[in-house]
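The values are calculated or read from the model by the stated rules, or taken from the named source; none is laboratory data. This structure is a prediction, so every number in the text was calculated from the model and none was measured. Positions of Cβ are backbone-derived with ideal geometry, glycine not excepted, and every protein chain shown enters the neighbour counts.
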Ligand code: URP
Ligand code: ZN
Ligand code: ZN
Ligand code: ZN
């Protein structure tokens, strides 16, 4: 069975051109003029782009005494409706749990996925067993290990544990990821705010100022540099964090930064809403920031000092958020966005001239495919690549509303935002997975995508670190003491 996408304008990370795309089975077979296929998708007037890859989701995440309500079934349906064809979720071993054991649980959960998926492995505790199991995780096609520098007493790891794990990543050709906030300072600030009677959702933002994030990013960069490994910083929300990444990159370090679409568009004013539910629904870490920080993130995407836009999709219902009534530290942290990432970024980025269409493709798909070492299977429009494609109508409009979303939760942090630019068709490995409001991919259609270790950047960095490693100076004569 072949399909041809006819009459569209192909937009990739580096080119924009008119061409038809021939799909044979699950992959792209040819790109060019006047192609013929068994079935035809009319893309005249539309752009054809690589499907979005969201490298940061938490489906059914066990967190803060509950589980994220969104699971792989509804979450990936939401993804497809917004033009995203792959999600990378975080496998989180509980304290003392083996990595491979936790991975089995995540394979189970992800069995319902409608899009392709992968996992990052989180290092939530440290001892010999974790060290020994890391290569087994890599053998299973996982080349990224996540470290939480915050959530003290739960997911947080300390600097010595991080350094040990980062060195292990370097040996294995894997890459560490960090959630960068100084967890000790956050915990103290939380206690102080609560003691002062500051118990509402706005106190969440006060307890996690940008400086706390900036310090942790600087520390993680230093630790990665000493370990000789590239570093990926998730949910970069502020200038202090961006500045650290920018400076490290200018000094030749291999550091990547991932802003979220929420931080680009929503600001800290959300937490001052008089409606407790409204504010609590927006509680996530790091919190939303002011316009100065938003401008910094947009500039980073345009200049290349930040590479990826993700969502950190971690969706709790209003009822779950109410676990924190009277104590903001108990509001489950997390917001949704999987469905809205592409339309919102297009509307606020491409339509305003802050991003080119090609930059849009780069930051939603191609850059992360390269960073995760799955390019050009994913993130590309090239012969042989998986036919994960979106047909994008730049004139289509909608007003975002929870009542119409695929996501399972009862609200949307982008409620009321008008977007122009929407997918009309989403193809997942050659099959129409979403069209005109309907999810056609079934539960379980998604496949695990293996990501091999030893990406080009890892190899280049190890070569350089080996060349410049400390070396003992061999001396011929040793002076007698006291002479
Ligand atoms: O608040 C957030 N971001 N929740 C999800 C877990 C994390 O820190 O990424
Ligand atoms: Zn995080
Ligand atoms: Zn995270
Ligand atoms: Zn996250």
| request: Provide a single number: the residues in the range 288-311 that are touching a residue at least 60 places away in the same chain (Cβ under 8 Å), within 16 Å of ligand 1 (Cβ to nearest atom) and within 16 Å of the chain's Cα centre (by Cα). | output: 4
| note | When restricted to 158, 182, 198, the only residue in contact with a helix residue (DSSP H, G or I) (Cβ under 8 Å, 6 or more places away or on another chain) and farther than 22 Å from residue 258 by Cβ is 198
| remark: Residues of the range 166-182 being free of Cβ contacts under 8 Å to residues at least 60 places away in the same chain and either within 30 Å of residue 141 (Cα to Cα) or away from ligand 3 (no atom under 16 Å from the Cβ) (or both), in sequence order, are 168, 171, 176, 177, 178
| request: Quickly run through the range 69-91 and pick out the residues that are surrounded by fewer than 24 Cβ atoms within 10 Å (Cβ to Cβ), away from ligand 4 (no atom under 14 Å from the Cβ) and within 17 Å of the chain's Cα centre (by Cα). | output: 71
| field | Evaluation of residue 141 against (1) part of a helix (DSSP H, G or I); (2) more than 16 Å from ligand 1 (Cβ to nearest atom); (3) touching a residue at least 12 places away in the same chain (Cβ under 8 Å) (one fails), failing number | value | (1)
| Does residue 162 fit the bill of being assigned to a helix (DSSP H, G or I), within 16 Å of ligand 1 (Cβ to nearest atom), modelled with pLDDT of 95 or more and within 25 Å of residue 103 (Cβ to Cβ)? | yes
| said: For the structure I just gave you, tell me whether residue 146 is assigned to a strand (DSSP E or B) and at pLDDT 95 or above. | reply: yes
| request: Determine, yes or no, whether residue 167 is within 19 Å of residue 55 (Cβ to Cβ), more than 14 Å from ligand 1 (Cβ to nearest atom) and surrounded by fewer than 19 Cβ atoms within 10 Å (Cβ to Cβ). | output: no
| message | Here is a list: 48, 10. Which entry is closer than 27 Å to residue 371 by Cα and either within 16 Å of ligand 1 (Cβ to nearest atom) or surrounded by 24 or more Cβ atoms within 10 Å (Cβ to Cβ) (or both)? | response | 48
| message | Looking at the structure I just gave you, is residue 297 part of a helix (DSSP H, G or I) and either within 16 Å of ligand 4 (Cβ to nearest atom) or surrounded by 17 or more Cβ atoms within 10 Å (Cβ to Cβ) (or both)? | response | yes
| request: Could you tell me whether the range 301-315 includes any residue that is assigned to a helix (DSSP H, G or I), more than 16 Å from ligand 4 (Cβ to nearest atom) and touching a strand residue (DSSP E or B) at 6+ places or on another chain (Cβ under 8 Å)? | output: no
| task | Evaluate the range 319-333: report whether one residue or more is within 16 Å of ligand 3 (Cβ to nearest atom), touching a residue at least 24 places away in the same chain (Cβ under 8 Å) and within 29 Å of residue 72 (Cβ to Cβ). | result | yes
| field | Sole residue being within 30 Å of residue 255 (Cβ to Cβ) and surrounded by fewer than 16 Cβ atoms within 10 Å (Cβ to Cβ), chosen from 454, 437, 444 | value | 454
| task | Those residues that are more than 24 Å from residue 302 (Cα to Cα), buried (at least 24 other Cβ atoms within 10 Å of the Cβ) and away from ligand 2 (no atom under 16 Å from the Cβ), I need them from the range 320-351; list them, please. | result | 321, 328
| field | Residue match in the range 264-281 (condition: touching a residue at least 12 places away in the same chain (Cβ under 8 Å), within 16 Å of ligand 3 (Cβ to nearest atom), over 22 Å from residue 74 (Cβ atoms) and surrounded by 17 or more Cβ atoms within 10 Å (Cβ to Cβ)) | value | no
| remark: Within the range 54-79, residues within 16 Å of ligand 3 (Cβ to nearest atom) and within 30 Å of residue 17 (Cα to Cα) come out as 54, 55
| Per-region count, the range 175-201, residues crowded, with 21+ Cβ neighbours inside 10 Å and in a helix (DSSP H, G or I) | 3
| message | Taking the conditions exactly as written (surrounded by fewer than 18 Cβ atoms within 10 Å (Cβ to Cβ), within 16 Å of ligand 4 (Cβ to nearest atom) and in contact (Cβ under 8 Å) with a residue 12 or more places away in the chain), does residue 66 satisfy them or not? | response | yes
| When only residues in the range 213-237 that are touching a residue at least 40 places away in the same chain (Cβ under 8 Å) and in a helix (DSSP H, G or I) count, which is surrounded by the most Cβ atoms within 10 Å (Cβ to Cβ)? | 213
